[in-house]
Structure formats: C-alpha cells, structure tokens
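Data block below; observations after.
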Amino acid sequence: MATVAERTGLDPERLWGVGVVAILVALVGGSLAFPRVVYDGFIWHYFWGPVQADANSAVCATRAGGVTQYLDSASACAAAAEPVAYPGYTLVSEVGYMVTLIIALTGVVFLLRRLDIGDDPRFFFSLVPFMFFGGAFRVIEDANDTPGVADALITYPVNTLIISPVIYVTVFAITLVAVVGSVTAERSGLIDDYVKPLFGAGVAVLAVSLAYLLWAGLTGSQGATFYPQVLVVMLLGSTVAAAATWWLIERFAPEVNKGTGKIGLMVLWGHAVDGVANVIGLDWMVALGAGNNLIPKHPVNQAVVDITASTLPDSVLAITGDAWPFLLVKLVAATAVIWVFDEQIFEESPRYAILLLIAVLAVGLGPGTRDMLRATFGV
C-alpha cells in the first residue's frame, strides 16, 4: 500500500508544512470570519483567556461582546456572561496542547534530521538543565504575581511569555537558539563537541533563575520567603521513590527498561519530582512549617484529590492526606512509558525515540520543578 507521501507526491516535511499552514489558515480565517464563535468561543475561551486571567492576577476573565474584562470575585465570575476563562487548564485546552505538542515534535524531528543530531543519548541529558530552567522561570512569574506585590519585576503583557502554556514556547525558543548555536559553533570548528556548550547554556540560564529566586527568598522581595526544608524533603522523597521503583523494575521486570537504560531512570526521577512536589505541596506544607498548602492547578491533580477525598474516611485522610495517589499515578505512568520504548524503537528511529522521551521528561520535570520551587520560596 502506498504511503500518503507517495500518493500526494510530497515528502513528509512538505506534508507537515502544508498541514500546519492549513490549521493556521482555518484558525485565523475562522477568527476573522466568525470572531465571536471561533476566536471568543474557542481560542480565547480555552487557550488565551486563561493566560490573560493568570497574567492579570484575576479570578477570571470574560469576553462578552468581544471586550476582555478581568473580574476579582468568584461570585462575579459565576454571574458573568460566557465566555468566561479561569486561570489554569481545562480538559479542552489540555487536549489541544497535546495535539500541538505532537505537531511540534514532528517538526523538531525534521529539524534535527537536517542538523544530523539528536540520535545520541547525550543529547537527551544535555537538555535536562533546560527542563529545570523552564520550571524555575515559571516560578519567577509566580513571585511577580503574588497578591500585594508592588515591586514586580515582570508585568503584563510581558509576563504572558512565562505563563503556562506560553512559557513552553518561550523555553523552547531559548533552547532552540542554544541547540542551533552550539551545532553551528561545532560545524565552524570553534568547538569539538556541541553537547558540552549546550549543557553549559542550560546550566547558565538555570543558575540565573535560581539566583534570582534565592535573592528574592532571602530578602523577602516580591513576597517570597525561603523554606529549605521543603526543597530537601521533596528532592529526598523524589529520589527515594524513583530508586525504589527502579529497584522493583530491575528486580522483577528488567525487560521494562531494557531499551531506555539510564534515560529511563531519568524519566522516572523527573516524574517522581512532579508527584512528590504535589503530595508535599498540597498536603504537608503546614506540617513542615512552610506556610499554607498549595492548590492544585491541573484537572488531573484536582481529580485525583477529589476522588481520594471522597473515597477514604476522614480518619485516614487526616494521616495520609488526599494527594498521595498522584505520586503513584506518576510512577506507574512513567514506568509504562519506559516499557513502551523498547530496543526495537531505538533501533528503527533513535532520533524520534529520544525526542519523545525528552518531551515525556519535560512534561513531568518542568511542572514538578515549578511546584517544588513554588513551595520552597513560598510563592
């Protein structure tokens, strides 16, 4: 059977480009032809509106009549005419971002193929600092967004660049510049290996972000504080959870990680960070003497908390909290992903396999780093 490329006479890269253009034309054209339905009712309602509401520290944003307004009370939001957008994610937006991620990953595969890089595990590990950086960068916006802060470093509309999910685009752009710059330097004979400066660039931007947060926490600037015990407990808990899961895999099902090796361990640890950060942040901040517990911002997190709270008796919840199943979900999901990436996948398409694992790690370690640092610096 002929492939789509063979039937159309277009190569995969050209097909991808045509598909992206078609989607953009549909969205832009629909927004111009039917602004209230396509833009206000879909694009703004589920994607841009939540970012605007978050960037303006509003309870919600409304766009009745095509004019954006920001409301500061839950009652006003409940009474407002649709569309109404709340900070955070919805199931519709999360599906949309998943589709966007798949399209973007395909485009990145084509780019890496042209650059002839990305099929080496070292490329995976060289990008890990950028994932930490993405989470830390987002916490800088959280600090600026703290209620009552008068000395905000970044204000609207610039702060929209570091609010989820736009921050993924921002961090991707910074990472892409580092990748292309490092490869160009290697091809020009300035360096011998692009991996080292790429890793160094990630460490540099991460160090700047952490230095700013540490300064804010130690000086009390922008409402930040510093709870080192939270950071220690979260990192220790994540490492123990990942190590225990890894031991179980190696002991009872070594075939699970036969394909990914050390990459699989890193993926497992990254998602353990996300799981432990949620458990500690949502249930144990008060117990650690680190202020109030955080509030879940993702539908999945909220659903896990709600199900646990409605299932277990209060006497048990008083001891365990209601967020701990999220850690189990993250560990099971990460293990399942590792299992999927067997040796055959790496043999047939190592570049695409490594890129997908980078994305899998990023969606765990990025948000996990944010939650961990939010709790650590009280923002």
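The values are calculated or read from the model by the stated rules, or taken from the named source; none is laboratory data. Model, not experiment: these values are computed from the prediction. Cβ: placed from backbone, ideal geometry, glycine included. Neighbour counts: every protein chain shown. SASA here: full protein model, heavy atoms, side chains in, ligands and nucleic acids out. Shrake-Rupley method; radii C 1.70, N 1.55, O 1.52, S 1.80 Å.
Inspect the range 67-88 for any residue being among the aliphatic types (A, V, I, L, M) and either closer than 30 Å to Asp193 by Cβ or within 26 Å of the chain's Cα centre (by Cα) (or both) and give the result as yes or no.
Taking the range 67-88 and keeping what is among the aliphatic types (A, V, I, L, M), we get 67, 71, 74, 76, 78-81, 84-85.
Imposing the further condition that a residue be either closer than 30 Å to Asp193 by Cβ or within 26 Å of the chain's Cα centre (by Cα) (or both) reduces the set to 84-85.
So far as the range 67-88 goes, yes, one or more of its residues are among the aliphatic types (A, V, I, L, M) and either closer than 30 Å to Asp193 by Cβ or within 26 Å of the chain's Cα centre (by Cα) (or both).
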**Prompt:** Can you name every residue in the range 139-155 that is loosely packed, with under 15 Cβ neighbours inside 10 Å and either on the phi > 0 side of the Ramachandran plot or modelled with pLDDT of 65 or more (or both)?
**Reply:** Gly148, Thr155
**Asked** Could you say whether any residue in the range 119-129 is without any contact (Cβ under 8 Å) to a residue 60 or more places away in the chain and either under 13 Å from the mean Cα position of the chain (by Cα) or not in a loop (DSSP other than H, G, I, E, B) (or both)?
**Response** no
**Fill in**
Residues in the range 77-92 that are surrounded by fewer than 16 Cβ atoms within 10 Å (Cβ to Cβ) and either modelled with pLDDT of 95 or more or outside any loop (DSSP other than H, G, I, E, B) (or both) total 4
**Request:** Pairs only if they're at least six apart or on different chains, beta carbon under 7 angstrom, first in the range 352-369 and among the aliphatic types (A, V, I, L, M), second outside any helix (DSSP H, G or I) and surrounded by fewer than 24 Cβ atoms within 10 Å (Cβ to Cβ); list them, first residue then second.
**Result:** Ala353/Phe341; Ile354/Gly118; Ile354/Asp119; Leu355/Gly118; Leu357/Phe341; Ile358/Leu127
**Item:** helices (runs of 4 or more DSSP H) contained in the range 323-379 and holding at least 3 residues crowded, with 23+ Cβ neighbours inside 10 Å and out of contact with any Leu (no Cβ under 6 Å at 6 or more places or on another chain)
**Value:** 324-340, 350-377
**Message:** Out of Leu357, Leu373, Leu317, Leu361, I need the residue that is under 16 Å from the mean Cα position of the chain (by Cα), more than 26 Å from Glu250 (Cβ to Cβ) and not β-branched (Val, Ile, Thr). Which one?
**Reply:** Leu373
**Asked** How many residues does the range 96-129 contain that are loosely packed, with under 12 Cβ neighbours inside 10 Å and within 11 Å of Tyr46 (Cα to Cα)?
**Response** 0
**Request:** Quick one: count up the residues across the range 30-45 that are open to solvent by 60 Å² or more (accessible area, probe 1.4 Å) and assigned to a helix (DSSP H, G or I).
**Result:** 6
**Request:** Scan the range 98-118 for residues that are assigned to a helix (DSSP H, G or I), over 19 Å from the mean Cα position of the chain (by Cα) and among the hydrophobic types (A, V, I, L, M, F, W, C) and jot them down.
**Result:** Val109, Phe110, Leu111, Leu112, Leu115
**Request:** Consider only pairs whose beta carbons are under 8 Å apart and that are at least six residues apart or on different chains; among these, list those whose first residue lies in the range 35-63 and is in contact (Cβ under 8 Å) with a residue 12 or more places away in the chain and whose second residue is of a type in the set (Asp, Glu) and in a helix (DSSP H, G or I).
**Result:** Arg63/Asp40
**Message:** Anything in the range 211-248 that is closer than 25 Å to Thr335 by Cα, under 21 Å from the mean Cα position of the chain (by Cα) and not hydroxyl-bearing (Ser, Thr, Tyr)? List them, or say none.
**Reply:** Leu231, Met234, Leu235, Gly237, Ala241, Ala242
**Request:** Return yes when Phe125 is assigned by the TED database to the domain that holds Gly202 and within 26 Å of Leu294 (Cα to Cα) and no when it is not.
**Result:** no
